[in-house]
Amino acid sequence: PDYQGVVMALGNLAAAHIAMGKLDAAGAELDKVTAHEEGTSDKDRSLTLMRLGELQRSRGNLAAAIELHRRAVAGSKELHGENHRFTANAHEQLARSLRDSGDTQGAEQEFRAALASYRGYLPNGEHPMAATASYELGQLLVRAEATRAEGLRLLAAAMAMREKFLGADDPATREARAALNAAQGSSKT
């Protein structure tokens, strides 16, 4: 049970359980991962902190989620630098928690930081996960007239990336297409 591969698999299982809404199972799994990490010299706990934060966000404990996600960002930046996929993902997780807490300005800043990290990680910035950051930021920006055009561009970019990586009929691609069409429709009225 203490083998690193088993601990990683347990963390991945916890992430799947969070996505499925099986929060008690995810919490128990993350408790085991955390206990293992506390007994090792490995300093990279950013992925576990992100998952713990997502668990708290899913439970509605937004202050705890924000604190955990801020720690994940700081830890990932320290170990991997700003231009790394883990740091980008940590920024994105923090952005969601901030958005859900009502801090749209903070969420916008963190979604932008996530996109910048993805661009620094890959020259064209077209990491499959960057599509989600583009989608989420686009959804925030289309709400205000001053940022609507940028929001539409981000939604279009998210749709194009999802189509490229996932295919035209993937549910995530359809989600981005529907959001773009809805935002374009609302800007015409």
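No other residue among Leu68, Leu62 is under 30 Å from Asn124 (Cα atoms) and of a type in the set (A, V, I, L, M) apart from Leu68. Is there a residue being farther than 24 Å from Lys77 by Cβ and touching a residue at least 12 places away in the same chain (Cβ under 8 Å) anywhere in region 117-133? No, there is no match, as no residue in region 117-133 is farther than 24 Å from Lys77 by Cβ and touching a residue at least 12 places away in the same chain (Cβ under 8 Å). Of all residues in region 56-77, those that are among the hydroxyl-bearing types (Ser, Thr, Tyr) have Cβ atoms under 8 Å from Cβ atoms of residues that are at pLDDT 95 or above and surrounded by fewer than 18 Cβ atoms within 10 Å (Cβ to Cβ), 6 or more apart or on another chain, in Ser58/Gly21; Ser58/Leu23.
Taking Ala88 as the residue in question, decide whether it is open to solvent by less than 30 Å² (accessible area, probe 1.4 Å), closer than 21 Å to Leu30 by Cβ and in contact with a Ser or Thr (Cβ under 7 Å, 6 or more places away or on another chain). Here the answer is no, as Ala88 does not meet what is asked. The residues of region 138-156 that are part of a helix (DSSP H, G or I), within 17 Å of Arg177 (Cβ to Cβ) and either open to solvent by less than 30 Å² (accessible area, probe 1.4 Å) or of a type in the set (Asp, Glu) (or both), listed by number, are Gly138, Gly151, Leu154, Leu155.
Looking at region 157-189 only, could you name the residues that are in contact with a helix residue (DSSP H, G or I) (Cβ under 7 Å, 6 or more places away or on another chain), open to solvent by less than 60 Å² (accessible area, probe 1.4 Å) and in a helix (DSSP H, G or I)? Passing the criteria: Ala157, Ala158, Met159, Met161, Arg162, Ala172, Thr173, Ala176, Ala179, Leu180, Ala183, Ser187.
Are there any pairs, at least 6 apart or on different chains, whose C-beta atoms fall under 9 Å, with the first in region 81-108 and over 20 Å from Asn61 (Cα atoms) and modelled with pLDDT under 95 and the second surrounded by fewer than 18 Cβ atoms within 10 Å (Cβ to Cβ) and among the acidic types (Asp, Glu), and if so, which? If the second residue must be surrounded by fewer than 18 Cβ atoms within 10 Å (Cβ to Cβ) and among the acidic types (Asp, Glu), the pairs left are Phe86/Asp44. For Ala107, the test of being open to solvent by less than 20 Å² (accessible area, probe 1.4 Å), small (Gly, Ala, Ser) and under 18 Å from Ala133 (Cα atoms) is passed. Determine if region 115-123 includes at least one residue that is of a type in the set (A, V, I, L, M), in contact with a helix residue (DSSP H, G or I) (Cβ under 8 Å, 6 or more places away or on another chain), open to solvent by less than 10 Å² (accessible area, probe 1.4 Å) and within 26 Å of Phe165 (Cα to Cα). No; the residues of region 115-123 include none that is of a type in the set (A, V, I, L, M), in contact with a helix residue (DSSP H, G or I) (Cβ under 8 Å, 6 or more places away or on another chain), open to solvent by less than 10 Å² (accessible area, probe 1.4 Å) and within 26 Å of Phe165 (Cα to Cα).
The values are calculated or read from the model by the stated rules, or taken from the named source; none is laboratory data. Everything numeric here is computed off the predicted structure, so don't read it as measured data. Positions of Cβ are backbone-derived with ideal geometry, glycine not excepted, and every protein chain shown enters the neighbour counts. Remember, those area values only see protein heavy atoms, side chains included, never the ligands or the DNA or RNA. Shrake-Rupley method; radii C 1.70, N 1.55, O 1.52, S 1.80 Å.
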